[in-house]
Amino acid sequence: MTRRTKRWLVAIPIALALLVALFARTFSAAPLPPVPPYAGPTPSATPPAGMRVVHLPTGIIPRNAAIAYRGGAFSDKRDFTMSALLVKHPRGDVLIDTGFGRGIDAQFASMPWFFRAGSKLHKGRPAADQLAAAGYDAKNLRAILLTHAHWDHVSGIPDFPDVPVWITAEERRFIADGGTITDIARSIPTARYVDYAFEQGPYLGFPRSYDVHGDGSIVVVPAPGHTPGSVIVFVHLPTGQRLALVGDLAWQREGILEREERPWLTRTAVDHDPAGVRDNLLRMNALAARYPDLLILPAHDARPFAQLPPL
Ligand SMILES: [Zn+2]
């Protein structure tokens, strides 16, 4: 063996070990810089007495905390919930996201093999079936409001064929050219999508807002990053309880409470604009500090959803 060969035999394992160590570091805790609590005005709301929310769990995918936020452990198993939330309101009900729908098997089969290989899907009951079984009158459903257009949030749209789907113009463009991750959203006729704009002013630290019923009970704000047209939906109930449906801004609430973004691997794979995600994580962190009772609902975090009433 030449001296040169011996040198390579030593150098290659060292280089590989360094690469592995660097990769492992991308999962370690690295909190974003702290921000002061939100100091702006508390928006007023007059939610009607008949208003309430209903949690519709539609399935889970078992994952772990490590892929959800930096500092999470691989041994910390988490069931990523796939949920829809029905907001009942006398002026028209709104379904926030759909979770897994009746067509989830065929939809999932159309996903890339490497994604399917890493995702074990546990189907629950589709939201439409849960509502039908409970005798829910679908005429009361005014719209489906999407936090964003990824596959696991739009799967159930075809189960509500006559209901408009509210999206932002940015998300409509993302659906048109978002590649595989928006295949399912793109398969839904474009006529079903109805754009809305943020015509109202600043709201809880976000620059613009859309007040769905004009009473402050459902207020949508732009939160681009995970996708270009991602939004956060604030719900103010007559009980005084307030919710923030943050979509996939964070997959688990530690992302917001501990100011930990997704690790490099999943951030690179799923976030359109990681800098936008960071900005909005910090906005929500500032709100959590000011309003400890605000129930923050990352779309796939089973724990806060378990606090909401089922059907
Ligand atoms: Zn997503």
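Summary table below
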quantity	calculated
The chain: calculated mean residue ellipticity at 222 nm from DSSP helix runs of at least 4, using -39500 (n - 2.57)	-8000 deg cm²/dmol
Loop-located chymotrypsin sites (Phe, Trp or Tyr not before Pro) in region 204-279, at most 11 other Cβ atoms within 10 Å (DSSP)	none
Candidate lysines - alpha carbon under 17 Å from Lys120, same-chain residues fewer than 8 apart omitted	Lys77
For His122, solvent-accessible area (1.4 Å; no DNA, RNA or ligand), Å²	80
Accessible surface, per residue, of the chain when the full set of protein chains is kept, probe 1.4 Å, Å²	46
Portion, in percent, of the accessible area of region 110-266 that falls on carbon or sulfur, probe 1.4 Å	55
Computed label-point distance, nm, for sites Met1 and Asp137 using a 7 Å Cα→Cβ extension	8.2
Highest-fluctuation residue, Leu297, Leu121, Leu145 considered, GNM on the chain with Cα pairs under 10 Å	Leu121
Cα-based reach from Lys139 at 16 Å (exclusive), listing lysines while leaving out same-chain residues under 8 positions away	Lys88
Vicinal HN-Hα couplings computed from phi for region 30-47 (Karplus, 6.51 cos²θ - 1.76 cosθ + 1.60; Hz; Gly/Pro x)	7, x, 5, x, x, 10, x, x, 3, 10, x, x, 8, x, 8, 8, 10, x
Trypsin sites (Lys or Arg not before Pro) within region 105-198: DSSP coil, no more than 16 neighbouring Cβ in 10 Å	Lys120
Alpha-carbon centroid distance for the pair region 177-217 / region 82-115, whole angstrom	16
Virtual paramagnetic centre 7 Å along Cα→Cβ of Asp79, amide N under 15 Å, in region 118-159	120-126
Net +/- balance of residues flanking Thr168 in space, Cβ distance below 13 Å, scoring K and R +1, D and E -1	-1
Inter-site label distance for Leu121 and Asp279 at 7 Å from Cα along Cβ, in nm	3.4
Simple label model, 7 Å out from Cα along Cβ direction - Ser28 to Ala191, nm	5.7
Loop sites in region 167-213: GluC sites (Glu not before Pro), DSSP, at most 14 other Cβ within 10 Å	Glu199
Relative contact order (percent, whole number), region 48-305, Cα cutoff 8 Å, 6+ residue spacing	19
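The values are calculated or read from the model by the stated rules, or taken from the named source; none is laboratory data. The structure displayed is predicted, hence computed values, not measured ones. A quick note on method: Cβ atoms are made from the backbone with ideal geometry, for glycine too, and the neighbour counts reach across all protein chains shown. The protein model used for the area step is the full one, side chains on, heavy atoms only, and it has no ligands, DNA or RNA in it. Shrake-Rupley method; radii C 1.70, N 1.55, O 1.52, S 1.80 Å.
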